[in-house]
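A short write-up of the structure that comes next.
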Amino acid sequence: MLKQDDPHRCTAARLAKFGLARRLNRIRQIPRGSIVLNPIASLIILQRDRNVSRNTKLVAIDCSWEKVQIEFGRQIPGLSRRLPTLLAANPTNYAKQHKLSSVEALAAASYILGFREIAAKLLSMFKWGNTFLTLNEELLKAYSLANSEEELSEIESQFF
């Protein structure tokens with residue numbers, strides 16, 4: 001958490017408060033081999049990324065959307081993966097493409113990796129959380145079945 005947004009709307013802080021996420025104080029603390037959700041990464045997260053290692057962690061870096069290029073332009077440990085196109089359900093960016101909150105990003109990645117129950121649990125902490133799953137239901141199902149970036153790109157082009 002880089003503490004660049006309104007602390008009352010910080011979804012990462014809420015997840016940490018309830019023990020559903022662990023707060024790291026520095027980017028250097030990201031465990032080796034982690035999948036880092038990076039909106040400017042060249043590779044898209046796929047179901048096969050689940051098999052990177054048994055101890056793989058999923059990491060979201062909570063920062064302001066206005067500072068994404070700066071923060072993610074740095075050298076970040078781990079495997080950078082971006083999410084395919086999804087619609088935000090959070091009140092700040094409702095229905096905007098790619099403008100997900102940290103919890104939406106973590107839930108989407110969990111869903112795509114095959115951890116649907118974890119995705120639902122993360123989102124259950126927010127009044128609008130189920131809306132994210134409803135809004136993106138067909139996309140998430142299709143993305144979780146994609147076996148390659150080409151297949152995933154085809155799915156994106158069908159919906160968008």
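Laid out as a table, the results:
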| item | result |
| --- | --- |
| Amide hydrogen neighbours beyond the local backbone of residue 79, cut-off 5 Å, H modeled | 33, 34, 35, 36 |
| Where N is the number of residues in the range 11-159, Cα Rg divided by 2.2 N^0.38 Å | 0.97 |
| Summed residue charge, Cβ within 11 Å of residue 148's Cβ, Lys/Arg positive, Asp/Glu negative | -3 |
| Amide hydrogen neighbours beyond the local backbone of residue 44, cut-off 5 Å, H modeled | 82 |
| Restraint check, 57/96; 121/141; 57/121; 17/127; 17/121, Cα-Cα greater than 20 Å | 57/96 |
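Here, each number is a calculation from the coordinates, and none is a lab measurement. On a predicted model such as this, the values are computed, not experimentally measured, just so you know. Neighbour counts are summed over all protein chains in view; Cβ atoms, including those assigned to glycine, are modelled from backbone coordinates with ideal geometry.
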